[in-house]
Every structure is written in structure tokens, then in C-alpha cells.
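Here is the structure we will look at.
The values are calculated or read from the model by the stated rules, or taken from the named source; none is laboratory data. Being a predicted model, the structure only gives us computed values, none of them experimental. No Cβ is skipped: glycine too gets one built from the backbone with ideal geometry, and neighbour counts run over all protein chains shown. What goes into the accessible areas is simple: the full protein's heavy atoms, side chains included, and nothing from ligands, DNA or RNA. Shrake-Rupley method; radii C 1.70, N 1.55, O 1.52, S 1.80 Å.
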Amino acid sequence: MHTLPLLADVPPQTLPARSMMAFTLASHIILVPLGVALPLITLIMHGYGLRRDDATALLLARRWSAVMAVQFAIGVVTGTVLSFEFGLLWPGMMGRWGDVFGIGFGVEAWAFFLEAVLIAIYLYGWRRLPSRAHFLLGLPLPLVALLGAFGILAANSWMNTPRGFTLDAAGNPVDVKIWTAVFTPMFGPQYWHFVMAMFVTAGYVVAGVYAVGWLRGRRDRYHRLGFTIPFTLAAVCTPVQFVLGDSIARQVFHKQPVKFAAMEIVWKTDTHVPEYLFGRMHPNGTISGGIRIPQLDSILAGFRPDTKVTGLTSVPAGDRPTPAQATVVHWTFDIMVGIGSLLVLLALWYAAVWLLRRRMPASPWFFRGAAVAGLASVVAVECGWITTEVGRQPWIVYQNMRVAEAVTATRSSSLWIMFGLVVVVYVFVFGSFLAVLLKMRSRWRLADRTGGPRPPKEIPEPDTPETDTPYGPRSAGSRP
């Protein structure tokens, strides 16, 4: 009954526009961890190989750089689609607020351009540059990847806590202060939480490939080294990410109390608020299902059971997420926290065995966990973005513009057709990405069976370029 007037005010274009944006963003974010963190993981392996004069490490770095280039190409496609969608689907927001927060997209565009140039140089340099010069030319890559994340997180954090402007009599932003708009109260916590999530996810995804190989009996040095370096990076970052996650939740509690109420399905403002693990909120504010832990929500929010937690009913119904949206946000938040907790346990297992025995765990269960950790991390990243975006509803610019005010006037039927076309294109794009990766894997396995990496003085088989070391004399029969 309470939701009917709200639904009547929502334009019919809102559902297809939000569905299309959600699909493209959820698809694009699968690629983002590798785009942000794989350059760093590759350069760590590259530096290790140069320092130890290790042909296996250099071979791994070279292969990862090829994956990095393919992933970047696909990421450019999906990222460009998202950029167009901001203007096509949400002209109300871009028209009014673009001058305030648009600098973030500009920074991301420059980062994309620089990253494309640097990846091309790095990939090209394996066969043609001195080893030291090649490695040094690759060092800016992780910084440029972080710059791209800086741009997009600056824009998103501004949408969550808009600052850096004043409104004129017509409600339009004037007197824009760029630095204030970029460095909003949520920017720091959101940026570092996101970056650390990318390191954790990419590390577990890459290590998971070699964990599967280990479980299938490939226990050579190539798979051991390919597992150890990315997994160690992810394991070190996991507890840091858990602390940062707690910090950003506390920032949401202070800066966006209504979103926090949705995350914790709190209906009325109160103290001694219980914590619900999962559960469902009904339109009258009651909670069914889940596990109720008395007073824990207040303790987590303010370290005291008498901490006051703002409820959803503290604002009018039109200014807060619906009970159904709050339930979605609560579930995604709990799933993200649950996955993070399990990853911390996996990292502690790895650390304990390493510190006590100076070796990796030998249990198949550890490697099963490591193989699943990559997929679980991607799920956690998806849940984090759902929590961020759905928890802000009904605002597209928090407390300044609703989603319904920003949506395009294009007919909803046309938007549904566009959405269908986008799905078809994305199935083709991601199918091609998977096919290329599988082809590369098959070629590399064939190369390994015909000899693997060898010292520079040895002559490999013709037409098997992966048996060449990345530097030094090359065989006459090898391809560039």
C-alpha cells in the first residue's frame, strides 16, 4: 500500500535504463580486478625473474603480460559502453551535474590512453629491449592503473556524498570547487577499499588457475611459482582489506545513515539494535528469517550497545530504499562480509604454515579453497557494488537528484531493445575473450610439452617461441 504512490511517480524508462546499466556495470567489473592489479602482479614476477635470473619467472611474467593486453582490450570495449550509457540513459544527471563531477571521467580517459601506450611498449619490449630498460618502462603501469581507478572512484564517491558546489535559485550547481568535489568525505575510504579489493581479487584469480593445475597433478616449479607470488600478494592484502571494509562501513554509518540502515535492515532509530545475519524486511518493518544477534549492530557501529543507529523511517518513504531494496542491500553486504571472513581464514592458514614450516600448505583442501577463492572474490566485488548503488536509492546524486529525475525520455520499448542488443554483444565479446584465453593456454601447454624455457645458449625447437627466454640470443626459427 505504501509503495503504490511511489511506483506511480517512476517513469517507465527507469526499469530498462537501470537494468541495462546494472548489466553492463556487473559485466565490466569482472574485468576490473585484472585491469587494476595484474600489472603489479606481473611486474613483481618480472622483477623476481630478473633478480634471480629465473627463466621460469620471466616466462610467467611474459605470458601474464599477454593476458593483461587482451584483458585491457576487452575492458576498453565494456568501459566505453558504460561511458556512453551515462549520457544516453541519464541525461538529467549529466546535464545538470556533469561540470561538477565530470573531471573523474576525464582522469579515467587519460589513464586509459596512457595505459594503452604503456602496455604496448611493455608487450613489444620483451624481444627487443635490454632487460633493465624493459622492466623500468613497465614500472609506471601499476600507477596508471591506480590513476584510472582514482578517476572513476572520485565520480562515484561524489554521487554518494556530493560536495564542491552551491545551488542557484533554479537549483543548478554554481561556484564549483573541483578539489572539494573530487576529495569528498567518502572518497578516501571508498578508493582504498576498492583498490585493495582489486589486489585481493586479482591475486586469488591468478593463483586459482595454478591451484587447479596443482590439484590436477601439475606440481612442477612453473605452477608452484605461478601460484605463490599472486597468492602471497592476495593473502597479505586480505586482512588489510577486512580492516578497510570495517572502516568504510563506519563512514557510511556517519555520512549516509539511511544507507547504513538499509545495509543492516534497521527500521526505527534506536539504541541496543540487534544484528541480523541475512533475514528479510517486510513493508511494515518486521524482519523474518535470518539469525538475530542482540545489540551487536549498535556495538559494531559505535563500539557500545547504547549507540544510536538511524532507522529507515527517519526520512520520508520517498527518500529511502524500499524494504525490498533494503533486503537486497543487506544480503549483498552480508555475502561480501562472509566471503571476506572466509578469505581471511584462508590467508591465515597460508601464513601459519609458511611461518612454522617455511613452505606452502600441502593439504588438497587448502588448494581447493585457493581454487574457489578467485570466483568468491569476484562475487564479493559484485556484492560490494550492489550494496553501494542500491543502498543509495532513490537518489542518483545523494539527497540532490532522484533516479527518476535523471532518466532519459527515450521510449521504454526502445530501451528494452537496446538492452537486448547489449546482451547479445556482450555475450559475443566475453565469449571471444574466453576463446582467446583458452587458445593461449593451449598454445602455452603445447610449448611446455615441447621443451619449456631453456637457457639462452640452447636452441629450442622451431616454431615454438615460448621456449625462448625473453631476453638474450634468439633461435633462428623463433617468431617475433
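Percent relative contact order of the chain, based on C-alpha pairs within less than 8 angstrom and at least six residues apart?
Reported relative contact order: 19 percent.
Set Lys and Arg Cβ to +1 and Asp and Glu Cβ to -1, take the dipole of the chain about its Cα centre, and tell me which of 353, 412, 195 lies farthest positive.
My answer, from the dipole projection, is 353.
Please sort 11-21, 30-40 by packing, taking for each peptide the average over its residues of neighbouring beta carbons within 10 angstrom, highest first.
Descending packing order for the listed peptides: 30-40, 11-21.
Placing +1 on the Cβ of each Lys and Arg and -1 on the Cβ of each Asp and Glu in the chain, which of 399, 370, 147 has its Cα farthest towards the positive end of the resulting dipole?
Farthest along the dipole direction, towards plus: 370.
Counting only protein heavy atoms and using a 1.4 Å probe, what share of the accessible area of the chain belongs to carbon plus sulfur, as a whole percent?
Whole-percent figure for carbon plus sulfur exposure: 68.
Expected output is a single nm value to one decimal: the length gained when fully extending between residue 410 and residue 272, i.e. 0.36 nm times separation in residues minus the C-alpha distance. What is it?
44.9 nm
Only four residue types carry charge here, +1 at the Cβ of Lys and Arg and -1 at the Cβ of Asp and Glu. Report the dipole size of segment 234-292 about the Cα centre in Debye, rounded to the nearest 20.
Computed charge dipole of segment 234-292: roughly 140 debye.
In degrees, nearest 10, range 0 to 90: what is the angle between the Cα axis of helix 187-215 and the longest Cα principal axis of the chain?
Once rounded, the angle reads 40 degrees.
Measuring from label point to label point, each 7 Å out along Cα→Cβ, what is the residue 113 to residue 174 span in nm?
3.2 nm
Round to a whole angstrom and tell me the spacing of the C-alpha centers of segment 306-370 and segment 405-423.
Centre-to-centre distance over Cα atoms comes out at 34 Å.
From the backbone phi of segment 316-331, what are the Karplus-calculated ³J(HN,Hα) couplings (6.51 cos²θ - 1.76 cosθ + 1.60, θ = phi - 60°) in whole Hz, Gly and Pro given as x?
x, 4, x, 10, 9, x, 6, x, 5, 5, 4, 5, 4, 4, 5, 5
For segment 274-366, which trypsin sites (Lys or Arg not before Pro) pass both filters: DSSP loop (anything but H, G, I, E, B) and at most 12 other C-beta atoms within 10 Å?
For trypsin sites (Lys or Arg not before Pro) across segment 274-366 that sit outside H, G, I, E and B with at most 12 neighbouring Cβ atoms in 10 Å, the list reads 358, 359.
Quick one: if you stick a label point 7 Å off each Cα along the C-beta vector at residue 291 and residue 216, how many nm between them?
3.6 nm
Accessible area, 1.4 Å probe, largest first: how do 276, 426 sort?
Reading off the accessible areas and sorting them downward yields 276, 426.
Can you work out ³J(HN,Hα) from phi for every residue in segment 414-424, in order, using Karplus 6.51 cos²θ - 1.76 cosθ + 1.60 and θ = phi - 60°, giving whole Hz and x for Gly and Pro?
In residue order, the calculated couplings are 5, 5, 5, 5, 4, 4, x, 5, 4, 4, 4 Hz.
Let me spell out the model: positive unit charges on the Cβ of Lys and Arg, negative unit charges on the Cβ of Asp and Glu, origin at the Cα centre of the chain. What dipole size does that give, in debye rounded to 20?
That gives the chain a dipole magnitude of about 1700 debye.
With a 1.4 Å probe and every protein chain left in place, tell me how much accessible area residue 191 has, in Å² to the nearest 10.
My reading of the accessible area for residue 191 is about 20 Å².
Determine the gain in length on full extension of the stretch residue 355-residue 183; use 0.36 nm per residue of separation and subtract their C-alpha separation, reporting nm with one decimal.
Between residue 355 and residue 183, full extension yields 57.9 nm more.
Label the chain by shape, choosing from rounded, prolate and oblate, from the square roots a ≥ b ≥ c of the eigenvalues of the Cα gyration tensor; if a/c is under 1.5 it is rounded, and otherwise prolate applies when a/b is larger than b/c, oblate when it is not.
The shape class here is prolate.
Which of the listed residues, 254, 233, 29, is farthest toward the dipole's positive end in the chain, when Lys, Arg count +1 and Asp, Glu count -1 at the beta-carbon?
233
Measure nothing fancy, just the Cα-based angle from helix 91-101's long axis to the longest principal axis of the chain, in degrees from 0 to 90, nearest 10.
70 degrees
Quick one: order 94, 401 from most to least accessible surface, probe 1.4 Å.
94, 401
Please give the helix 221-255 orientation as an angle from the longest Cα principal axis of the chain, in degrees from 0 to 90, rounded to the nearest 10.
Around 20 degrees separate the two axes.
Evaluate the charge dipole of segment 318-393 about its Cα centre and quote only its size in Debye, nearest 20, assuming +1 on the Cβ of each Lys and Arg and -1 on the Cβ of each Asp and Glu.
Approximately 520 debye in magnitude.
Label points 7 Å out from Cα along the Cβ direction at residue 23 and residue 52: separation in nm?
Placing both labels 7 Å beyond Cα along the Cβ direction yields 4.6 nm.
Mind checking the per residue accessible area of the chain for me, 1.4 Å probe, whole number of Å²?
47 Å²
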